[in-house]
């Protein structure tokens, strides 16, 4: 199978210094601040007396999910690009690659980028896991859910860029409003779509009273919901890229016609 150039571009960009790394450094500082706030202030004896462990891991995983989604939304809207990375519109207009292959490379590149960001956050996650305890498998489920969610937000950011990306202020405002509406408002109204609610159920105090497998129906519903939303966003993005490619072709035809007329 031939290497997808969009994936190659992401892998090369992750090895270079640039704004993308600096922007995530600020989000790492936010995760560290959350860990500091939720760091257990009581001794072991007091924790045993109240019969529940510290919520440090839950708080950090929730924050990681939020930062991955917000970062993916901004990257999709091309507010942030890796060093040497080309925009999605450039790939559609200037590359002979099929749109399906472009989108497959785009999605895989997002997953690789998110895994890279998780690796950067892993020291904080390990510290929180050490003091909160829990099961590695459950932690992996919560982080996998964050990756699926981030892919959806990346596709949404790309749709914003292809529709109103030429208007920078409006695009930035839409990105932040979408982050608020989806992550806060819709997550509050429909907890089944909320990574916050999912993580709280799987890693929170309720996980002590019920086994991890008891939360699997909600987890599978979350994954299926975001997979379906990602598919809808994928199809919408495919149509937008096809329009971009047709527009480029039509512009080229008009330019050639003008040259012939002038000759």
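Since every read-out is calculated from the coordinates, none of them should be taken as a lab result. As the structure is a prediction and not an experimental result, all values here were calculated from the model. Note: ideal-geometry Cβ built from the backbone for every residue, glycine included; neighbour counts use all protein chains shown.
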>> If I take every Cα pair under 8 Å that is 6 or more residues apart in the range 63-215, average their sequence separation and divide by the length, what percent do I get for the relative contact order?
In response: 37
>> Just to verify a number: FRET efficiency for residue 93 and residue 216, C-beta to C-beta distance, R0 = 45 Å, to 0.05?
In response: 0.55
